[in-house]
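Notes follow once the structure below has been shown.
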Amino acid sequence: MKVYHKKFLIILLFVFISKLFGQSKVDCFLKDFEPKPAVIPPNADAEKTLEAATVSVTINTTDTLARVSKYIFGNAVAVWVKANVNNPVVDKYLNLLSPAILRFPGGSWSNIYFWDKDPGDLPSTFCDGTKNGAPAQFSPELGPNHELTADQYYDMRTKIGNPQGLITINYGYARYGLSNKPAEQAAHMAANWVRYDKGRTKYWEIGNENGGPWEVGWQIDTTKNKDGQPKIINGELYGRHFKIFADSMRAAAKEVGTTIYIGGQVLHFDGTNDWNVVNHNWNEGFFKEVGDAADFYVFHNYFGNASTLKSQVDNARSTIISNINFIRSDMKNKNASLKPIALSEWNLTGGPPEALSSIANGMQAVVLFSEMAKNNVGMSCRWLIANWDRDGMFYYKNPPAPGIPLWNPRPDFFYIYYLQKFTGDHSVSTALSPGEASKDIIAYSSIFSNKHIGIVIVNRGNTNQVIKLIPRGSGVGEKYYVYSLTGSDSTDFCQTVIVNGVSPSALRWGPIDNLADIKASAYRIDNTVKFDSPARSVQYVIIEAGLNIVSQNEN
């Protein structure tokens, strides 16, 4: 037996504590981390299936993968949907959903949006990067002339439970502005917004996808620029400008007595041979110039691009893991400051037109959110609360289609609603039993602060399964509770979701009218935790904490 010197133990303790505080200092999304207790849902006793398990899922409750940032469960609101989106119906639904963060004012519009006034030094045309720089009419979007205004955005947040904000600053103005120092002028405008905000918004990002030719400012008319900027943007220039913005905005935050965190854009894949020349060395240039000035790194992506439900889910899962791993590897390879990652815009892409409003989008969202929780992503903002006929979490069309109420929640709302309730504050590891049946199952597990276990099962296959859960490392109580979400038919892109057998009213995507009253199925553990997992479905499970041990051999 070794006897350690007291001084050595003190040094070990100091190193351990320093490591913890160092991690906390780096990750701005975990500074206000709070324990999250599980809430047992309304429930009704149910009979456990008598069928033998086809897939076993072992949950290692002592193998913590990550602290789960509450800010991964975010959404976004866009100015062009107008003040209509701030209405009692949407407010009611968003209070149910409880998004942790709300992005504003939009995507590409952020680079032409002037939150308080016309600055008076704007060009009449811009260089359209998607058309080889051909001149196009420049139409700035002036905040005071557009509902949703900044004040209406703040008002909306107060009405839906006061989620945190993410404001996307107009970086494009630093490129196309006609003043002698356009970057400084754009940073001054951003700083004034920080002053006006007065601490209501903690997170800010500089620009939207500025390395893309579709953004105003990607290419500029150098004959009109007065501070010697290049015609085409690059990561190095963006990094230099980022520091100008960050300095001005942090000084403004200090004036009003608050702390803000500012994110900068990085590439989430190897752009060395990309069709867009800007991507060839974006990260290298940005990391070199920005140094330690960014609080977090931002990327965007749209996932899936496939023709079946299973491939939509699988492609999304492999892509998000690849994106996260690439950014973290690139930070190290390029000696960048290590910062947390935020996916500030994302959704489904590809597939048939009805995919966005289908159960496939909801199931894909479950997997993407869960992978972010498992892989320590700090924040995400799903695109979008409402947009047009087929785009957005809530239906919006003017005039609406006959019989479909405005703001009707699409299936993804229901999948995300339950996911937030069944995801704890620490992600833990899971392992699936070998075999053909397991190939269609994805499982995620987490622990709540009151020791209840949360499990999410995704069956993206065409075959019904029986799932057995085996908790390891902690005991269980008397009961477990299950919600099962399925489509109303056997098609991959079914438009209607059913919750524990409860169907929606006609011309609805899900049972929104009585959602909060739908009861979970409550089962007695009695040495076995198992349940049915129908084809193309998701199960959300809470296992009570306790001292009982579940048998590994029981079917």
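Using the structure shown, decide if ARG157 is more than 27 Å from LYS31 (Cβ to Cβ), crowded, with 17+ Cβ neighbours inside 10 Å and among the basic types (Lys, Arg). Here the answer is no, as ARG157 does not meet what is asked.
Quick check on this structure: which one of ASN208, ASN283 is under 23 Å from the mean Cα position of the chain (by Cα), at pLDDT 95 or above and under 30 Å from PHE493 (Cβ atoms)? Steps first, answer last, please.
Working: ASN283 fails: under 30 Å from PHE493 (Cβ atoms).
Result of the check over ASN208, ASN283: ASN208.
Residues considered: ILE512, ILE542. Of these, the only one that is in a loop (DSSP other than H, G, I, E, B), crowded, with 17+ Cβ neighbours inside 10 Å, touching a residue at least 24 places away in the same chain (Cβ under 8 Å) and aliphatic (A, V, I, L, M) is ILE512. Is it the case that some residue within the stretch 286-293 is at negative phi and either in contact with a His (Cβ under 8 Å, 6 or more places away or on another chain) or open to solvent by less than 10 Å² (accessible area, probe 1.4 Å) (or both)? Yes, because at least one residue in the stretch 286-293 is at negative phi and either in contact with a His (Cβ under 8 Å, 6 or more places away or on another chain) or open to solvent by less than 10 Å² (accessible area, probe 1.4 Å) (or both). Count of the stretch 327-345 residues, restricted to those that are within 14 Å of ALA293 (Cα to Cα) and in contact with a Gly (Cβ under 7 Å, 6 or more places away or on another chain), is 2. The strands (runs of 3 or more DSSP E) falling completely within the stretch 68-187 that include 1 or more residues that are of a type in the set (Ser, Thr, Tyr) and within 21 Å of the chain's Cα centre (by Cα) map to 164-169.
Mind checking which residues of the stretch 254-285 are within 20 Å of LYS243 (Cα to Cα), in a helix (DSSP H, G or I) and open to solvent by less than 80 Å² (accessible area, probe 1.4 Å)? Listed by number, the residues that qualify are VAL278, TRP282, ASN283, GLY285.
Evaluated against (1) at pLDDT 95 or above; (2) in a loop (DSSP other than H, G, I, E, B); (3) surrounded by fewer than 19 Cβ atoms within 10 Å (Cβ to Cβ), ALA336 falls short on exactly one condition, (3).
Of ASN376, ASN347, ASN361, all but one fail to be part of a loop (DSSP other than H, G, I, E, B) and of a type in the set (S, T, N, Q); the exception is ASN376. Considering LYS243, LYS226, the condition of being open to solvent by 50 Å² or more (accessible area, probe 1.4 Å), in a loop (DSSP other than H, G, I, E, B) and of a type outside the set (Val, Ile, Thr) is satisfied by LYS226 alone. The single residue among ALA150, ALA174 that is closer than 20 Å to HIS300 by Cβ, of a type in the set (Gly, Ala, Ser) and either touching a residue at least 40 places away in the same chain (Cβ under 8 Å) or surrounded by 14 or more Cβ atoms within 10 Å (Cβ to Cβ) (or both) turns out to be ALA174. Restricting the first member to the stretch 274-295 and to residues that are free of Cβ contacts under 8 Å to residues at least 40 places away in the same chain, and the second to residues that are buried (at least 19 other Cβ atoms within 10 Å of the Cβ), the beta-carbon pairs closer than 7 Å and six or more apart or on different chains are HIS280/GLY271. The number of residues in the stretch 289-312 that are over 16 Å from the mean Cα position of the chain (by Cα) and farther than 18 Å from GLY263 by Cβ comes to 8.
Checking GLU371, GLU345 one by one, the residue that is out of contact with any helix residue (DSSP H, G or I) (no Cβ under 9 Å at 6 or more places or on another chain), more than 18 Å from GLN495 (Cα to Cα), buried (at least 20 other Cβ atoms within 10 Å of the Cβ) and not polar (S, T, N, Q) is GLU345 and no other.
The values are calculated or read from the model by the stated rules, or taken from the named source; none is laboratory data. Note that the coordinates shown come from a computational prediction; the quantities given were computed from them, not determined experimentally. Because the Cβ atoms are built from the backbone with ideal geometry, glycine has one as well, and the counts that use them run over all protein chains shown. The area values use the complete protein model at the heavy-atom level, side chains included, leaving out ligands, DNA and RNA. Shrake-Rupley method; radii C 1.70, N 1.55, O 1.52, S 1.80 Å.
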